[in-house]
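Student: Right, I'll just put the structure down here and ask away after.
The values are calculated or read from the model by the stated rules, or taken from the named source; none is laboratory data. In this text the structure is predicted, and so the values were computed from the model without any measurement. Cβ coordinates were reconstructed from backbone atoms using ideal geometry, including for glycine residues, and neighbour counts include every protein chain displayed.
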Amino acid sequence: MIDLSAISFADILPFILIGFAAQLIDGALGMAFGTISTTLLMSIGSPPMAPAAASATVHTVECFTSGASGISHVAHRNVDWRLFARLVVPGVIGGILGAYLLTQVPAETARPVVLAYLAAIGLFLIWRGTGHPPHPRQPRVVAPLGLVGGFLDASGGGGWGAVVTSNLLIQGAEPRKVIGTVSAAEFFLTITISLTFLAALGWEAFTVATVGLLIGGLVAAPLGGFAAKRVPARGLMIMVGTVLTITSAWGIWRAFS
């Protein structure tokens, strides 16, 4: 359990900055909070966090930041409620399975393969956004994306936005609606994953990093809906592709270094 009285500002400042930057990107592009935060939590500190503890910390914070971000997207009319209904239930199921798996066995074997796939998707989105934008249409493959995205998000500490947002964009869905809908559905996913981790790991998995990430994330969360509404669709697609490519390439490098 976290002892708030023992926490100094110097202790939490690095995590506040991480939470703010990660949530600002995630709110605007519908992805990357979990990937950025988990990667840094597992890289800094002495010793760095274990994968399960890092994922538990990030998803606890996301219960609040994704809620604030979802409200922002709803207020700016960025949510497609039909798409939301098709995503949220499979996402929750996948999240439960992924969180349970991570507390039982390592999930690092498949991670480089998933990251390579996402990096390729990122490059493809950049290509589509720069000169070959898709014709807007309703996505056909939704429920399987929710299931896979929820599973990878829990087991890898991030991946919901990367998997779901990028694949919906490739299918031709409107970028603003995709980002808003994926962000809103993430609230229910993160609550489910956090409760699963709590049942498996207990309160000791949550540390001072949780407080810092929460403060920084909540400050940045309301800005995402505004940014997604104002940036043109082609620009959103290019930015999603760029962030996805960079974070995936970094993850691959870390996996083999």
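Student: Of VAL148, VAL142, VAL211, which residue is under 19 Å from GLY19 (Cα atoms), modelled with pLDDT of 75 or more and surrounded by fewer than 24 Cβ atoms within 10 Å (Cβ to Cβ)?
Tutor: VAL211
Student: Give all pairs with beta carbons closer than 9 Å in which a residue from the range 60-71 that is on the phi < 0 side of the Ramachandran plot and modelled with pLDDT under 85 meets a residue that is of a type in the set (Phe, Trp, Tyr) and not in a helix (DSSP H, G or I); count only pairs at least 6 apart in sequence or on separate chains.
Tutor: Close Cβ pairs satisfying both conditions: THR60/PHE206.
Table: residues versus (1) of a type in the set (Lys, Arg); (2) part of a helix (DSSP H, G or I); (3) out of contact with any Asp or Glu (no Cβ under 7 Å at 6 or more places or on another chain); (4) modelled with pLDDT of 75 or more.
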{"residue": "ALA107", "(1), (2), (3), (4)": "no, no, yes, no"}
{"residue": "LEU118", "(1), (2), (3), (4)": "no, yes, yes, no"}
{"residue": "GLY122", "(1), (2), (3), (4)": "no, yes, yes, yes"}
{"residue": "GLY129", "(1), (2), (3), (4)": "no, yes, yes, no"}
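Student: If the Cβ limit is 6 Å and pairs must be 6+ apart or interchain, which residue in the range 174-195 that is under 15 Å from GLY91 (Cα atoms) pairs with which residue that is charged (D, E, K, R)?
Tutor: Taking only residues 6 or more apart or on different chains, the pairs are THR181/ASP80; THR190/GLU62.
Student: Sticking with this one: Can you tell me how many residues in the range 74-105 are among the charged types (D, E, K, R), outside any helix (DSSP H, G or I) and modelled with pLDDT of 90 or more? Walk me through how you get there before you give the answer.
Tutor: Step one: filter the range 74-105 for residues among the charged types (D, E, K, R), giving 77, 80, 82, 86.
Then keep just the ones that are outside any helix (DSSP H, G or I); that gives 77, 80.
Next, only the ones that are modelled with pLDDT of 90 or more stay: 80.
So the count comes out to 1.
Student: Looking only at the range 159-179, decide whether some residue is of a type in the set (Phe, Trp, Tyr) and more than 20 Å from THR245 (Cα to Cα).
Tutor: Taking the range 159-179 as the starting set, the residues that turn out to be of a type in the set (Phe, Trp, Tyr) are 160.
Adding the requirement that they be more than 20 Å from THR245 (Cα to Cα) leaves none.
Among the residues of the range 159-179, not one is of a type in the set (Phe, Trp, Tyr) and more than 20 Å from THR245 (Cα to Cα), which makes the answer no.
Student: Let me spell it out: the conditions are (1) modelled with pLDDT under 80; (2) crowded, with 20+ Cβ neighbours inside 10 Å, and THR165 meets all of them except one. Which number is the exception?
Tutor: (1)
Student: Count, please, the residues in the range 195-208 that happen to be among the hydrophobic types (A, V, I, L, M, F, W, C) and either modelled with pLDDT of 75 or more or not in a helix (DSSP H, G or I) (or both). Walk me through it before giving the result.
Tutor: Step one: filter the range 195-208 for residues among the hydrophobic types (A, V, I, L, M, F, W, C), giving 195, 197-201, 203, 205-206, 208.
Narrowing further to those that are either modelled with pLDDT of 75 or more or not in a helix (DSSP H, G or I) (or both): 195, 206, 208.
So the count comes out to 3.
Student: Then there's this: Determine, yes or no, whether GLY225 is within 15 Å of LEU24 (Cβ to Cβ) and surrounded by 19 or more Cβ atoms within 10 Å (Cβ to Cβ).
Tutor: Yes, satisfied.
Student: Do we find a residue being surrounded by 24 or more Cβ atoms within 10 Å (Cβ to Cβ), modelled with pLDDT under 80 and out of contact with any Ser or Thr (no Cβ under 7 Å at 6 or more places or on another chain) anywhere in the range 185-194?
Tutor: yes
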